[in-house]
Amino acid sequence: MHERLEKLTAVCMMKQINLNGLTVFAAAAKYGNLQRAAETLNLSRGAVSQRIKALEIELGTVLLERQARGVSLTPAGARWKTAVDEALAVLETAIADIEDGEDHMTLHLGSSTAAKWLMPRIERLEAQFPKLSFGTEVHDRMLARSLGRNEIAIWPGKVPDQNPVHQCRTLTEIRLVAVCSPDFMCPDRPMELGTLLALPLLQDAHGRWERLIEETGHTAHRRLRNFDRSALALDAAIQGHGVAMAPSYMIEGDLRAGRLVELWVDPDPPQQRLFVSWSAEHIRQHNVGRVVDWITSQFERDQPDA
């Protein structure tokens, strides 16, 4: 069937045949009646007759014989009907696959954002969009390629997404906060930076503690405990192993639940923001805007003054 479709497509391109004419011909051949085809296609009988005549001229052969009570296929018309019916069936299947794809959304984000921000909200997201299915793909860095249809990316940066085929929206400023378990033995909070740096420090792959120590000229009194993910450092803090530093949006749920307490907030203006991006090129993304609005609303709700 696909070979027939390829041949038909090649002939249409070579002869510059209007594909609308093929659709009209298929309807007329199916019903054997121009008026019935016209009603099905929401066209006038004259328009159907004209398009079929134009198609016959383009092909250089007669496809239908006009009779008193309808039309019948010529031998050439019968061959074309088989090819056109198969081609249209392939196209209908492809369209159905696209429409089915509307039910699936892929979220691209960092592993710690997935673990500490998305996962606590995943049931809420699914309840908000019960007809959609969601998949996640975690990455160590922002995607190099352009986003496809029904793909959304959440990623930190100093400037908005620079990809010209993407739309982008700011979700929140990335404010760094030092946190620990409420059961962790430490002086009263909030505390001075020098006092904070004397505690066991849990560092992720971003190296925020090392950078802070270097920039402020302080000295760490203990050896840093290193983790390759912010989520792992935060889990270690929840278990009472020390103090972790992470973006505030990752810890708001743990703060509200009492699993973590805030010790120190970076006084410097935020250097990065968290953005959400999606493709501006792809049509038929009926649900992307709704999901982006929902994601945005979650960050607005989590603002301190909300």
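The values are calculated or read from the model by the stated rules, or taken from the named source; none is laboratory data. These figures come from a predicted structure and were not determined experimentally. A quick note on method: Cβ atoms are made from the backbone with ideal geometry, for glycine too, and the neighbour counts reach across all protein chains shown. Note: accessible area is taken over every heavy atom of the protein model, side chains too, but ligands, DNA and RNA are not part of it. Shrake-Rupley method; radii C 1.70, N 1.55, O 1.52, S 1.80 Å.
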Residue that is closer than 30 Å to Glu300 by Cα and not small (Gly, Ala, Ser), where the choices are Ile251, Ile213: Ile251
Failed item, numbered, when Glu123 is tested on (1) over 14 Å from Ile295 (Cβ atoms); (2) in contact (Cβ under 8 Å) with a residue 60 or more places away in the chain: (2)
Hits in region 253-303 - residues which are open to solvent by less than 30 Å² (accessible area, probe 1.4 Å), of a type in the set (Asp, Glu) and in contact with a Leu (Cβ under 9 Å, 6 or more places away or on another chain): Asp254
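Within region 205-247, can you find the residues that are in a loop (DSSP other than H, G, I, E, B), open to solvent by less than 10 Å² (accessible area, probe 1.4 Å) and touching a Phe, Trp or Tyr at 6+ places or on another chain (Cβ under 7 Å)?
Step one: of region 205-247, the residues in a loop (DSSP other than H, G, I, E, B) are 205-207, 217-224, 227-229, 239-242.
Keeping just the survivors that are open to solvent by less than 10 Å² (accessible area, probe 1.4 Å) gives 242.
Correct list: empty.
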